[in-house]
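First the structure, in the form of structure tokens, and then the observations on it.
The values are calculated or read from the model by the stated rules, or taken from the named source; none is laboratory data. Source: prediction; values computed, not measured. No Cβ is skipped: glycine too gets one built from the backbone with ideal geometry, and neighbour counts run over all protein chains shown. With ligands, DNA and RNA removed, areas are computed over all heavy atoms of the protein, side chains included. Shrake-Rupley method; radii C 1.70, N 1.55, O 1.52, S 1.80 Å.
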Amino acid sequence: ALPIYMPRKTCMGVVMRREPIFNLPPLIPVLIGLFALIEIAIGFLGTETASDLYLTYGFIPGDLADRFGSDVFRALEEAVRLTPDAEDVAGLAEIASYLRAHPSALPFSLISYAFLHAGWPHLIINSVWLMAFGSVVARRIGSIRFLCLFALSAIGGALFHFITHMNDVMPVIGASGAVSGIMAAAIRFVFQP
């Protein structure tokens with residue numbers, strides 16, 4: 001049998017090397033894969049179990065405020081007694097009652113909320129931004145420091161949301177806060193050689 005000869009592509013006598021379509025540091029696809037696995041697992045859970053998961057591992061500003069003595073839950077339960085016809089207040093009071101009986105996973109939820117998403121479109125948007133900006137930062141600072149930056153950015157995003165929405169009992173989910181911190185870090189490197 002004759003060996004199969006595969007000619008190299010050349011341009012004006014220079015051998016051309018094919019570049020991969022995606023040239024991502026390994027950590028970025030691993031994080032995106034973890035997001036996707038969690039989303040797949042949530043898809044197999046029932047609606048009630050998924051809601052419990054979001055309330056436990058999502059970041060809830062009102063829960064943090066209540067733990068600092070703000071009585072957010074009691075205020076919502078009192079608001080339902082004063083205005084029993086208000087459906088939006090009733091829904092929030094129901095969440096407050098649930099959280100009183102089943103507290104969220106604070107302080108772990110300051111990071112865990114970044115791994116939960118509100119469906120595939122939300123996950124895909126966060127993943128695209130993470131690929132675009134996270135690749136630059138991960139190559140520049142390395143995997144361990146990138147993970148630290150990701151975690152600190154997630155915590156910063158949660159605390160900023162807490163400052164602006166202290167009495168809110170709806171869970172915050174998604175990697176947007178962490179990705180925003182990664183984007184800010186990437187801006188620092190964009191104009192440097």
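Quick notes
- Output for the range 61-80, where each listed residue is out of contact with any Lys or Arg (no Cβ under 8 Å at 6 or more places or on another chain) and among the hydrophobic types (A, V, I, L, M, F, W, C): 64, 65, 68, 72, 75, 76, 79, 80
- Selection within the range 129-186 - part of a loop (DSSP other than H, G, I, E, B) and open to solvent by 60 Å² or more (accessible area, probe 1.4 Å): 165, 166, 167, 170
- Within the range 83-123, the set of residues being of a type in the set (A, V, I, L, M, F, W, C), more than 14 Å from residue 38 (Cα to Cα) and in contact (Cβ under 8 Å) with a residue 40 or more places away in the chain comprises 92, 95, 96, 99, 105, 106, 108, 110, 111.
- Considering the range 101-110, the residues that are assigned to a helix (DSSP H, G or I) and under 21 Å from residue 161 (Cβ atoms) include one that is most open to solvent (accessible area, probe 1.4 Å), namely 110.
- Any helices (runs of 4 or more DSSP H) falling wholly within the range 29-98 and containing at least 2 residues that are surrounded by fewer than 14 Cβ atoms within 10 Å (Cβ to Cβ) and basic (Lys, Arg): 72-82
- Total residues in the range 122-169, condition farther than 21 Å from residue 59 by Cα and of a type outside the set (Gly, Ala, Ser): 12
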